[in-house]
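Structure first, then comments.
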Amino acid sequence: MLNHRFRQSFARALVIAGGCALCGLALVVLSSTSEAVWAVYGSFLGGLLIWSWHEISFLTGAVAGVHREVCPPQARGWERFSLATMALIHHEVALAMTAGLLLSLAAVTHNATGALTFALLLVFRLSSKLNIYRGVPNMSDELLPRHLDYLKSYFGPRSLHPALLLSTIAILGLGAWFAHAAFVAPTAAGTAQGALLSGLCLLAALEHIFLAIPFRDSALWQWALEARAETSNRIHDGEGQA
């Protein structure tokens, strides 16, 4: 909803998201030394809040890449992949650096839930991006804000590729592993961590399935897309009055 509003509102959205990220980092740090159940939930929420800041920064266009042009029609192979990478490179580097920071913190503390949450989201998002670049039947590209429309030129053909099936199976396998870890965990905190991470894997698998079937998951976010319609109407009204 925020990313489909007027560009003048993006600075405020980034400030709010930045505040959420700081709160998330504080949650991860404060809960890192505890093995209680509340600490697992707090760390999980912290990882999500940090991730939300990266999402807002990317979708507002504040942190994207050095190349912000439509892919040339003649680009193929390595040239097309390089241009697509440059269109996202700043965002990818920021995600990798944040994941490295959180995993480094987790390596010397007792509660790695927030770091694992962020790292899993990074892996799932990278899998989605690579699959969309190669081509999937259901893009749901209407969810992209208009100022990122150039990214659609890097999407592959609307066809089912074996890579999407393999990545979905791999994510489901990872979810099953976390579910097993939850069942055999000796503590309530271990059970909570395994259950949360398993649930995250199942949601990621569902997202990949939506890419493969003719179901417009954008319908789930119609309430957010209404902000774009409202913005367009205001712009047209302003042009009409001018």
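The values are calculated or read from the model by the stated rules, or taken from the named source; none is laboratory data. What you are looking at is a predicted structure, and each value in this text was computed from that prediction instead of being measured. Reconstructed Cβ throughout: ideal geometry from the backbone, glycine too, with neighbour counts over all protein chains shown. For accessibility, only protein heavy atoms count, side chains too; no ligands or nucleic acids. Shrake-Rupley method; radii C 1.70, N 1.55, O 1.52, S 1.80 Å.
Give the residue, chosen from 155, 124, that is modelled with pLDDT of 95 or more, under 24 Å from residue 77 (Cα atoms) and within 18 Å of the chain's Cα centre (by Cα). Walk me through how you get there before you give the answer.
Working: 155 fails: modelled with pLDDT of 95 or more.
Unique residue meeting the criteria: 124.
This table checks each residue for (1) open to solvent by less than 20 Å² (accessible area, probe 1.4 Å); (2) without any contact (Cβ under 8 Å) to a residue 40 or more places away in the chain; (3) in a helix (DSSP H, G or I).
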{"residue": "150", "(1), (2), (3)": "no, no, yes"}
{"residue": "157", "(1), (2), (3)": "no, yes, no"}
{"residue": "163", "(1), (2), (3)": "no, yes, yes"}
{"residue": "176", "(1), (2), (3)": "no, yes, yes"}
{"residue": "179", "(1), (2), (3)": "no, yes, yes"}
{"residue": "182", "(1), (2), (3)": "yes, yes, yes"}
## Note on the structure
The one condition residue 21 fails out of (1) buried (at least 18 other Cβ atoms within 10 Å of the Cβ); (2) modelled with pLDDT of 95 or more is (2)
## Note on the structure
Taking region 127-148 and keeping residues touching a helix residue (DSSP H, G or I) at 6+ places or on another chain (Cβ under 8 Å) and either among the hydrophobic types (A, V, I, L, M, F, W, C) or part of a loop (DSSP other than H, G, I, E, B) (or both) leaves 130, 132, 136, 137, 138, 139, 140, 143, 144, 145, 148
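Would you confirm whether any residue within region 37-45 is exposed (fewer than 15 other Cβ atoms within 10 Å of the Cβ) and over 18 Å from the mean Cα position of the chain (by Cα)?
Checked against the condition, which is being exposed (fewer than 15 other Cβ atoms within 10 Å of the Cβ) and over 18 Å from the mean Cα position of the chain (by Cα), region 37-45 yields at least one hit.
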### Query
What tally of residues in region 185-211 results from selecting those that are of a type in the set (Val, Ile, Thr), modelled with pLDDT under 95 and assigned to a helix (DSSP H, G or I)?
1
#### Entry: Subset of region 80-131 (residues that are more than 27 Å from residue 27 (Cα to Cα) and open to solvent by 30 Å² or more (accessible area, probe 1.4 Å))
80, 81, 82, 83, 85, 86, 88, 89, 129, 130
### Message
Please go through region 212-229 and give me each residue that is of a type in the set (A, V, I, L, M, F, W, C) and either modelled with pLDDT of 70 or more or in a helix (DSSP H, G or I) (or both), ordered by number.
### Response
212, 213, 219, 220, 221, 223, 224, 225, 227, 229
